[in-house]
Amino acid sequence: MNSIVYGDVVRPANYDDYEWAINLLSRAMGPFYDCDYRARTRRLFDQCVGDNKIAGHYLAVADLNLRPTGLVHVVERKNSILSIGLLAVSEEHRGKGVGGKLLSFVEGHARDNFLRFIHCTVASANNIALRFLNANRFSVIDTISKRHHGQVVDETIVGKMTDEED
Ligand SMILES: CC(C)(COP(=O)(O)OP(=O)(O)OC[C@H]1O[C@@H](n2cnc3c(N)ncnc32)[C@H](O)[C@@H]1OP(=O)(O)O)[C@@H](O)C(=O)NCCC(=O)NCCS
C-alpha cells in the first residue's frame with residue numbers, strides 16, 4: 001500500500017466531518033447528480049475512514065481556522081492512475097484557493113507514489129468545475145453519457161500527467 005502525507009492545511013477526514021460532508025456534497029453535487037447523499041457519504045466514509053477502510057481510497061479535508069472548508073476523495077487505480085472521485089468546497093469558501101490546495105495535495109500524493117496520471121470525471125454541465133480543472137492544466141480526454149441511479153448524465157473526463165510542468 002502506498003503512503004500518504006498530509007500537510008498543515010489538508011488532513012485526513014474523520015467521523016466528526018460526516019454531517020458537514022453530507023451537507024456539502026448534497027449542495028455541491030445535487031444540481032448535477034440525483035442521489036441519496038446521506039447514503040453516498042456513509043459509503044465514502046466507510047471506504048476511507050472506518051475500521052474497514054479500503055486500501056488506496058483516501059478522503060482528505062482542508063481546514064481553515066480549524067473548520068472544514070473542502071474535501072477530496074482519491075482512489076489509486078491500476079496502471080499508475082490516481083482518480084479524483086469527489087472534490088468540493090463549501091460555498092462560502094469558494095474562489096479563495098481551497099480547491100487549488102486540495103488539488104496540489106492530490107498531485108503531491110500522485111508524484112510521491114509514482115502515480116503518473118490523474119483523472120477526474122465531471123458532469124459536462126458543471127462549467128465552473130471544468131473551468132477550475134482547465135485552469136489547473138487538466139485536459140479533456142473524453143465525453144461520455146453514463147447512467148447514475150436511473151438518471152443519464154453527460155460527463156467529461158479530464159486528466160493530467162503528474163510530470164507536467166506547472
Ligand atoms: C470546483 C471547485 C472545487 C473549485 O474550488 P475553489 O476553492 O472555488 O477553487 P479555487 O479558489 O482554488 O479556484 C481556482 C481557479 O478555478 C476557477 N474558478 C473557481 N471558481 C470559479 C467560478 N465561480 N467561476 C469561474 N472560475 C472559477 C478559476 O480559474 C480560479 O482561478 P482564479 O482564482 O485565478 O480565477 C468549487 O467551485 C466547488 O466545490 N464546486 C462544487 C463541487 C464541484 O463541482 N466539484 C466538481 C469536481 S472538480
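None of the figures in this text is laboratory data; all of them are computed from the coordinates on show. Small disclaimer: the values here were computed from a predicted structure and weren't measured. Cβ atoms come from the backbone with ideal geometry, glycine included; neighbour counts cover every protein chain shown.
With the requirement that a residue be more than 16 Å from Lys160 (Cα to Cα) and more than 13 Å from the chain's Cα centre (by Cα), what does region 91-120 give you? Answer for region 91-120, where residues must be more than 16 Å from Lys160 (Cα to Cα) and more than 13 Å from the chain's Cα centre (by Cα): Glu91, Glu92, His93, Arg94, Gly95, Lys96, Gly97.
Return yes or no: is Asn113 within 9 Å of the ligand (Cβ to nearest atom) and more than 24 Å from Ile22 (Cβ to Cβ)?
Working: within 9 Å of the ligand (Cβ to nearest atom): no; more than 24 Å from Ile22 (Cβ to Cβ): yes.
Spelling it out, it is not the case that Asn113 is within 9 Å of the ligand (Cβ to nearest atom) and more than 24 Å from Ile22 (Cβ to Cβ).
In the condition set (1) in a strand (DSSP E or B); (2) within 15 Å of the ligand (Cβ to nearest atom), Ile144 is compliant with all but (2). Among the strands (runs of 3 or more DSSP E) confined to region 36-128, the ones with at least 1 residues that are more than 24 Å from Val9 (Cβ to Cβ) are located at 67-77, 81-89, 117-123.
Residue count for region 100-110, restricted to those that are buried (at least 16 other Cβ atoms within 10 Å of the Cβ) and either under 20 Å from Met29 (Cα atoms) or within 11 Å of the ligand (Cβ to nearest atom) (or both): 5.
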